[in-house]
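Only one structure is covered here, and it is reproduced in the block below.
Quick note: the coordinates plus some simple rules give every number you see, no bench work behind them. Note that the coordinates shown come from a computational prediction; the quantities given were computed from them, not determined experimentally. We place every Cβ from the backbone using ideal geometry, glycine too, and count neighbours over all the protein chains shown.
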Amino acid sequence: MCRCGVVAEVPVAVCLPRSADSIVALLAVMRAGGVYVPLAPEWPADRTAYVLDEIAARIVITRDLPADPGRVHLDPRPTPSDDPEPVPRLHPDQAAYIIYTSGSTGTPKGITVQHRSFSQLFRHVRQMADGISRSNVAHTTEMTFDPSLEQFLWLVAGHTLHVVPEDVRRDPEALVGLVRRAAIDALNVTPSHLGMLIEAGLLEGDRVPGTVLVGGEAVSAALWRTLRERATDTRFFNLYGPTEGTVDATCHDLSAPVDVPVIGAPLPHVRVRVLDAHLQPVPVGVAGEIYLGGLGLARGYVNRPGLTAQRFIADPYSSTPGSRLYRTGDRARWRPDGTLEYLGRTDDQIKLRGFRIEPGEIEATLTQHPTVKEAAVTVAADNNGAARLIALVALAPRAMHSSSPGSGQNAQVEDWNAVFETTHIDAADGELTFNIKGWNDSLTGAPIPAEHMREWVDTTVGRLLDRPAKRVLEIGCGTGLLMWRLLPYVTEYTGTDFSRPAVEWLRDGLRRRPAHQARLHHREATDFTGVDAASADLVVINSVVQYFPDRDYLDAVLDRAVDAAADQGRIFVGDVRNLALAPQFYARQALAHADPGVSAQNVARTARAFEHRDSELLISPEYFTALAARSPRVTGVEILPRRGQHRNEMSLYRYDVVLHVGDLPAAPEVEVVTWGEQVYDLGALSARLDHGGPDALLVRGVANDRLTRDNELLEAPVRTVAVDPEDLWALADSTPYRVCVSWAAADPMRWTFCWSGRTPTTTARCLSPTVHPRHRPG
Ligand SMILES: C[S@@+](CC[C@H](N)C(=O)[O-])C[C@H]1O[C@@H](n2cnc3c(N)ncnc32)[C@H](O)[C@@H]1O
């Protein structure tokens with residue numbers, strides 16, 4: 001360990017199956033002064049990756065995790081060494097271990113415990129073992145669960161530790177057999193586990209363990225009675241304490257005559273206060289919340305200063321500077337005999353077989369599945385009276401009729417279909433021509449303000465009507481935000497959508513406000529049945545492609561859209577999520593969810609988690625330029641930033657694409673300059689256009705001011721003046737030029753602008769070299 005660079009505060013992740021090796025690894029890490037972080041080989045890969053990432057693990061002791069460059073994998077089998085390293089002295093402030101527990105927001109949280117607290121736990125273990133010498137102690141707890149560290153301390157106190165194999169641990173009869181065979185004197189189990197062991201005969205016969213520690217969840221009145229009756233041959237201790245209080249905070253020896261389950265009195269190094277909502281102590285017999293103080297308090301939560309400050313508060317009753325109290329969320333009342341009676345939780349945290357479970361974590365995971373609309377998690381007894389964790393889910397309506405979700409393209413289309421059908425059913429009482437129900441901002445999860453949506457619709461329709469189009473085909477028409485605005489200008493409008501409620505809602509709307517030119521079809525985006533080749537002046541696919549399952553599906557839809565477009569027609573693919581701006585998007589999303597003052601490292605980690613969970617399709621602009629190159633009918637491509645003054649998810653991270661079909665007029669002579677070199681700000685640009693400027697001016701690489709904040713966050717500041725494209729459109733209004741904007745292909749942070757005095761078509765053509773469309777001979 002020392003040779004691997006383990007020193008104080010260096011986390012060492014240990015991911016081994018239960019075995020003597022895991023205990024050796026634990027001892028080695030602690031003795032070398034490192035921070036022990038247990039992981040379970042059976043954890044889902046996501047959870048393991050999250051924890052390794054959060055602690056920035058460089059050293060992992062494992063045989064199970066896949067190799068990863070940058071991490072050292074140690075073989076925990078002993079290697080003989082003639083030259084033992086000097087063992088460092090440990091400081092009480094040093095972190096001893098980090099235990100991960102369930103977190104209510106869907107991600108686990110790590111609790112860091114210092115040696116100061118761990119050594120107090122050791123004193124407590126020695127007190128419980130007082131008078132017992134060289135006993136056999138069973139190690140029965142999961143390695144990732146903090147009582148396992150208490151069991152390890154029996155070894156440190158000079159006793160023999162029997163690491164109970166996993167299959168024996170889970171089988172009450174096998175465990176009782178082992179207790180007898182190995183003459184186990186002490187074991188530590190949860191009350192529910194103990195109930196099963198007693199049923200399997202733990203307390204029968206003449207070889208019963210002398211000490212049984214129970215903890216991790218509340219003891220029922222029935223078990224309490226049994227233990228009290230059997231407390232002659234066996235000493236039972238009921239232990240209470242959260243991980244944040246270093247395993248045990250209070251203890252009750254059941255040989256003391258108390259008839260109802262109690263969690264006993266504080267350990268000598270612990271202060272317990274039972275306080276009301278105003279942090280005032282409650283009188284004996286009155287329920288309040290348990291606050292813990294003293295030497296057992298953990299340092300706090302890994303990388304969560306906000307949560308640490310919220311749960312570890314300044315102790316208003318202590319005159320010692322820096323004294324803290326940990327707010328447990330457990331309810332209790334003092335009894336006149338000085339013991340505490342546990343009364344449950346103040347929140348909905350569940351303790352089940354010793355596991356601390358935040359139902360919110362499970363609910364958050366379940367509702368990520370597109371077919372799950374809502375989820376609730378609780379504990380209920382099964383037919384045998386055993387407690388079980390139960391999840392209740394409300395399925396999205398479509399999911400109820402479909403077979404179990406399969407894999408691949410179809411399953412994903414079905415999943416999204418279920419999501420949209422539910423959204424559209426919920427949107428059924430929306431405003432007829434401006435139904436924005438269900439439009440939520442994915443950065444924050446909040447509904448997008450109506451004025452932002454109105455701008456979004458206005459600017460989109462403005463772009464669609466930029467050139468006349470009489471015959472329009474819209475794929476994924478939704479609730480008709482665009483349809484109602486286009487109808488007055490067109491002779492034929494065909495809308496399709498795979499959401500039946502959306503199509504029915506629109507049909508109903510058309511009955512109330514008839515428009516003879518409108519046709520609607522309930523169908524998937526790939527279905528172009530009845531659409532003739534070259535029959536649409538404009539094909540619109542707006543804010544839809546992100547729900548396509550993959551690139552093949554997108555290819556199929558766009559190839560058909562190109563066939564459907566008439567000569568001189570356009571295909572408008574709008575509101576496309578930009579893959580090239582994914583880092584900025586996830587960083588902004590993480591920031592929107594971060595506690596104030598959280599570290600940049602933590603934000604980056606949350607950003608990765610958001611990225612991991614995102615099931616939508618993000619597309620980089622190059623996809624469309626490549627499509628143009630392979631598609632003989634496409635002669636020009638425009639990649640456009642969204643218009644709009646409001647800064648939101650759409651104006652920041654999405655773009656529109658216009659694919660032009662049919663011949664374009666010849667490109668004008670274009671003067672090409674580079675932003676930051678020949679032209680460096682709006683004033684210089686305006687001057688250049690004012691005084692007898694060129695026919696057309698193409699300015700490459702103008703930095704995008706909408707992303708300035710994101711780039712600072714990602715520590716990638718842009719070195720030239722940045723402008724909002726809206727300012728350039730505004731500038732165009734004060735000159736004789738029209739302006740056209742397109743992404744600069746090589747750099748997603750920048751745009752290329754083209755100023756020309758001619759038609760928009762000409763502009764599209766003059767931008768084309770920038771985005772590499774196909775050049776047709778002649
Ligand atoms: C965000 S809404 C956009 C609606 C409309 N285009 C607009 O701009 O207001 C996405 C629409 O696409 C539809 N959609 C998503 N995936 C689809 C698919 N594979 N086939 C057909 N429609 C789809 C949804 O039902 C939903 O109505």
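Applying 0.36 nm per residue to the separation of residue 183 and residue 714 and subtracting their alpha-carbon distance, the gain on full extension is 185.2 nm. Axis of helix 450-464 versus longest Cα principal axis of the chain: the two differ by about 40°, to the nearest ten degrees.
Each of 475, 425 has some number of other Cβ atoms within 10 Å of its Cβ, and from fewest to most they run 425, 475. Straight-line reach from residue 351: taking Cα to Cα under 28 Å and skipping same-chain neighbours fewer than 8 places apart, the lysines in range are 109, 373. A simple spin-label model places the labels of residue 695 and residue 171 8.8 nm from each other, with each point 7 Å out along Cα-to-Cβ.
The HN-Hα couplings worked out from phi for the range 153-167 by the Karplus form 6.51 cos²θ - 1.76 cosθ + 1.60 (θ = phi - 60°) are 5, 5, 4, 4, 7, x, 9, 9, 9, 9, 7, 6, x, 4, 5 Hz, whole numbers, x standing for Gly and Pro.
Backbone amide hydrogens, once placed in the peptide plane, bring residue 575 within less than 5 Å of 543, 655, 656, 657, excluding anything fewer than 5 places away on its chain.
Along its principal axes, the chain has C-alpha extents of 99, 61, 53 angstrom, given from the largest down. Count Lys and Arg as plus one, Asp and Glu as minus one, and take only other residues whose Cβ is under 13 Å from that of residue 476; the net charge is then -4. Against the longest principal axis of the chain, how steep is helix 45-54, in degrees 0 to 90 to the nearest 10, with axes from Cα atoms? Relative to the chain, helix 45-54 is tipped by roughly 90 degrees.
In terms of the Cα gyration tensor, with a ≥ b ≥ c the square roots of its eigenvalues, is the range 286-389 rounded because a/c is under 1.5, prolate because a/b exceeds b/c, or oblate? Verdict is oblate for the range 286-389. Going by neighbour counts of Cβ atoms within 10 Å, the residues 118, 145 line up, fewest first, as 145, 118. Sequence-distant contacts, meaning Cα pairs under 8 Å at least 6 residues apart, place the relative contact order of the chain at 7 percent. Applying 1/(1 + (r/R0)^6) with r as the Cβ-Cβ distance of residue 133 and residue 49 and R0 = 56 angstrom yields a FRET efficiency of 0.80. The share of Cα pairs per 10 Å bin across the range 553-623, counted from zero up to the longest distance, runs 17, 35, 22, 15, 8, 2 percent. Taking the DSSP bridge list for the range 179-287 and keeping only pairs wholly inside it, about 45 percent are antiparallel. Can you tell me the orientation of helix 500-512 relative to the chain, as the angle in degrees between its alpha-carbon axis and the longest Cα principal axis, to the nearest 10? With rounding to tens, the tilt is 50 degrees. Here the Karplus relation 6.51 cos²θ - 1.76 cosθ + 1.60, evaluated at θ = phi - 60°, turns the backbone of the range 303-311 into coupling constants of 6, 10, x, x, 5, 4, 5, 6, 8 Hz, with x for every Gly and Pro. Taking every DSSP bridge with both residues inside the chain, close to 60 percent are antiparallel.
Say R0 is 41 Å: what FRET efficiency, to the nearest 0.05, do residue 592 and residue 226 get from their beta-carbon distance? Show your work: numbers first, answer last.
Working: r = 52 Å, r/R0 = 1.27.
After rounding, the FRET efficiency stands at 0.20.
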